[in-house]
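What follows is a short report on a single structure.
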Amino acid sequence: MWQVEVNTTRATTQRSHLSLTETTVLDKLITTFRSPDPEADQYPSHRGIYFEELACQIFAQGSTGLDFLLEELTQADFVRLRGILAALSRAALPSSQLCELFRQYLKDQRVLIVAEVIDGLTHLKDQEAAPQVLPFLSHSSPYLRGSVLRYLSRLYGVQAKDTLIKFLGDPHYIVRENAIDELADLGITEAIPQLQLLLQDASADVRQAAETAIEELQEMA
């Protein structure tokens with residue numbers, strides 16, 4: 001994995017200028033981030049959200065918090081890495097540096113990490129990553145296919161129309177729902193006939209998404 005160079009001298013100097021309160025807050029956040037999620041057993045599906053929120057709070061503490069997140073990249077476990085990547089996608093770093101970092105993680109073997117990275121590249125509006133991102137449209141994971149649809153929709157707009165309509169027929173309901181949402185967000189009224197077919201979909205989530213999308217698009221037509 002690509003190694004991130006962190007200026008630890010700068011981080012130490014900056015920390016010396018932090019007020020006692022700021023230092024205490026950051027130290028507490030770091031300690032919490034490195035500790036187990038206290039509700040992991042009760043709410044296992046929320047673990048990613050928990051560490052993402054913590055990473056965002058650490059990032060909000062300024063450059064010292066950012067340095068900590070960059071240091072943690074090379075040693076974080078799965079759920080913490082997802083949280084860090086989500087926070088870094090909002091970081092005030094030079095876009096080329098951040099995009100390069102995210103592209104390296106497209107090679108990761110963990111599906112949800114790659115999906116998080118593609119969403120990060122979407123947020124960063126990195127069209128140069130398209131040759132690396134688009135092949136994931138044929139990946140077996142619906143989470144990856146869905147993340148690529150969001151990437152295409154938000155970076156290429158109506159140019160993604162044909163692909164989005166095609167994936168209304170994806171075998172997995174998550175991808176069909178993603179395609180529906182993106183078509184509605186883009187205002188693609190010509191997709192209404194295809195969306196109407198999904199009102200009889202086996203998935204209740206897809207049926208609801210299609211109904212909502214049709215209502216929104218009919219108002220635009």
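The values are calculated or read from the model by the stated rules, or taken from the named source; none is laboratory data. These figures come from a predicted structure and were not determined experimentally. Quick reminder, even Gly has a Cβ in these numbers, built from the backbone with ideal geometry, and neighbours come from all protein chains shown.
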Does residue 76 meet the test of being more than 10 Å from the chain's Cα centre (by Cα), within 26 Å of residue 156 (Cβ to Cβ), at pLDDT below 95 and not in a helix (DSSP H, G or I)?
-> no
Taking only pairs six or more apart or across chains, which ones have beta-carbon atoms under 6 Å, a first residue in segment 201-221 that is under 14 Å from residue 176 (Cβ atoms) and in contact (Cβ under 8 Å) with a residue 24 or more places away in the chain, and a second residue that is of a type in the set (A, V, I, L, M) and surrounded by 15 or more Cβ atoms within 10 Å (Cβ to Cβ)?
-> 206/198; 209/180; 210/180; 210/195; 210/198; 213/180; 213/184; 213/195
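Rundown of residues vs (1) part of a helix (DSSP H, G or I); (2) surrounded by fewer than 16 Cβ atoms within 10 Å (Cβ to Cβ); (3) out of contact with any helix residue (DSSP H, G or I) (no Cβ under 8 Å at 6 or more places or on another chain), yes/no style:
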{"position": "83", "(1), (2), (3)": "yes, no, no"}
{"position": "97", "(1), (2), (3)": "yes, yes, yes"}
{"position": "101", "(1), (2), (3)": "yes, no, no"}
{"position": "122", "(1), (2), (3)": "yes, no, no"}
{"position": "133", "(1), (2), (3)": "yes, no, no"}
{"position": "160", "(1), (2), (3)": "yes, no, no"}
{"position": "177", "(1), (2), (3)": "yes, no, no"}
{"position": "196", "(1), (2), (3)": "yes, yes, no"}
{"position": "199", "(1), (2), (3)": "yes, yes, no"}
